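Trainee: Sharing a structure below in structure tokens format, with a few things to ask.
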Amino acid sequence: MENVVVVGAGLAGLQTVVALRQQGYAGRLTLLGAEPHPPYDRPPLSKDVLAGKVEDTTLEADWAALDVTLQLGCRATGLCPG
């Protein structure tokens, strides 16, 4: 079975995983994120911090339906095809 690894657990990485599933990809998916936090929306977080208010900016996703392995605190350092 194929395995797709998406590097970057931000908005773009999450949307890539969602798009793959929407287009019928049934193989294994792994989403790597260097930060220890689940994917979040950065621009609102920055604005809220500057305004003195911080709300939950974690990106909503149905992780069970996406059937993706989320590896946080894991930095990609290279690519080894094969």
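Trainee: Looking at this structure, is L72 in contact with an Asp or Glu (Cβ under 7 Å, 6 or more places away or on another chain), of a type outside the set (S, T, Y) and at pLDDT 90 or above?
Mentor: Yes, satisfied.
Trainee: Six or more apart or on different chains, Cβ atoms under 6 Å: show the pairs whose first residue is in segment 1-27 and farther than 14 Å from L70 by Cβ and modelled with pLDDT under 95 and whose second is among the small types (G, A, S) and surrounded by fewer than 16 Cβ atoms within 10 Å (Cβ to Cβ).
Mentor: Listed pairs, sorted by first residue: M1/G27; E2/G27.
Trainee: Give segment 28-45 a look and list any residue that's assigned to a strand (DSSP E or B), over 16 Å from D62 (Cβ atoms) and at pLDDT 85 or above, or say none.
Mentor: R28, T30, L32, G33
The values are calculated or read from the model by the stated rules, or taken from the named source; none is laboratory data. On a predicted model such as this, the values are computed, not experimentally measured, just so you know. In this analysis, Cβ positions are derived from the backbone assuming ideal geometry, glycine residues included, and neighbour counts consider all displayed protein chains.
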